[in-house]
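Step one of this worksheet: look at the structure below.
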Amino acid sequence: MAKSLKTLIRVARWAVEEKQKALGLLLEREAQIQTAIEDHHKALESERTLASSDTMGVGRGFGNYFDQWRRQLEHYKSLLTQVQEQIFAAREALAEAYREQKTVEEVQKQRDIKAALEADRKERAELDEIGLAQHLKKK
């Protein structure tokens, strides 16, 4: 039975590692979206500066640009919200997998302690029997 627990421990550790990888990918995606939002804001500032310094009247199209910019920003925010929800779920799954791993490891630890105590008890019983036999031979 101890062998099966070692297999369970290995499987539990693998599950934790997989959950960590999945969470890492989601965190990378979140960072990419946040970078895209920052870049999007920089592009707006650049366009705003260009429109305000325009002397040829091209700045009149800024309103259309801004509407498109706002729609794109909402899209980014929507993506960010979705990824953050996935991150929350991934963190919960990771915590659950870690709890399962620790539970199996603790059961194995308790079994190991119990086996060691039982081996010690048997050894003491054998030594007591040898000692008693030697004592009886002396008499």
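The values are calculated or read from the model by the stated rules, or taken from the named source; none is laboratory data. Since the model is a prediction, treat every value here as computed from it, not as a measurement. Reconstructed Cβ throughout: ideal geometry from the backbone, glycine too, with neighbour counts over all protein chains shown.
Could you tell me whether the range 82-98 includes any residue that is within 23 Å of Lys21 (Cα to Cα), more than 21 Å from the chain's Cα centre (by Cα) and part of a helix (DSSP H, G or I)?
From the range 82-98, those within 23 Å of Lys21 (Cα to Cα) are 82-98; that's our starting set.
After this cut, where a residue has to be more than 21 Å from the chain's Cα centre (by Cα) as well, the list is none.
Checking the range 82-98: not a single residue is within 23 Å of Lys21 (Cα to Cα), more than 21 Å from the chain's Cα centre (by Cα) and part of a helix (DSSP H, G or I).
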Given the conditions (1) free of Cβ contacts under 8 Å to residues at least 24 places away in the same chain; (2) in a helix (DSSP H, G or I); (3) surrounded by 11 or more Cβ atoms within 10 Å (Cβ to Cβ), which single one is not true for Glu106? (3)
Checking the condition closer than 30 Å to Arg10 by Cα and either exposed (fewer than 12 other Cβ atoms within 10 Å of the Cβ) or out of contact with any helix residue (DSSP H, G or I) (no Cβ under 6 Å at 6 or more places or on another chain) (or both), which residue from Ala133, Ala95 passes? Ala95
The residue that is surrounded by the most Cβ atoms within 10 Å (Cβ to Cβ), considering only those in the range 71-92 that are of a type in the set (A, V, I, L, M) and touching a residue at least 60 places away in the same chain (Cβ under 8 Å), is Ala90
Exactly one condition in (1) over 30 Å from Ser4 (Cα atoms); (2) surrounded by 12 or more Cβ atoms within 10 Å (Cβ to Cβ); (3) in contact with a helix residue (DSSP H, G or I) (Cβ under 9 Å, 6 or more places away or on another chain); (4) free of Cβ contacts under 8 Å to residues at least 12 places away in the same chain is not met by Ala36; state its number. (4)
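Just checking, which of Gln101, Gln20 is modelled with pLDDT of 95 or more, of a type outside the set (Ser, Thr, Tyr), surrounded by 12 or more Cβ atoms within 10 Å (Cβ to Cβ) and farther than 30 Å from Ala115 by Cα? If you could, list the steps in order and put the result at the bottom.
On the way: Gln101 fails: farther than 30 Å from Ala115 by Cα.
Gln20 is the lone residue from the list that is modelled with pLDDT of 95 or more, of a type outside the set (Ser, Thr, Tyr), surrounded by 12 or more Cβ atoms within 10 Å (Cβ to Cβ) and farther than 30 Å from Ala115 by Cα.
Taking the stated definitions as given, is Gln68 surrounded by 12 or more Cβ atoms within 10 Å (Cβ to Cβ), under 37 Å from the mean Cα position of the chain (by Cα) and of a type in the set (S, T, N, Q)?
No.
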Residue ID - modelled with the lowest pLDDT, chosen from residues in the range 26-83 that are more than 30 Å from Leu94 (Cα to Cα) and among the polar types (S, T, N, Q): Thr55
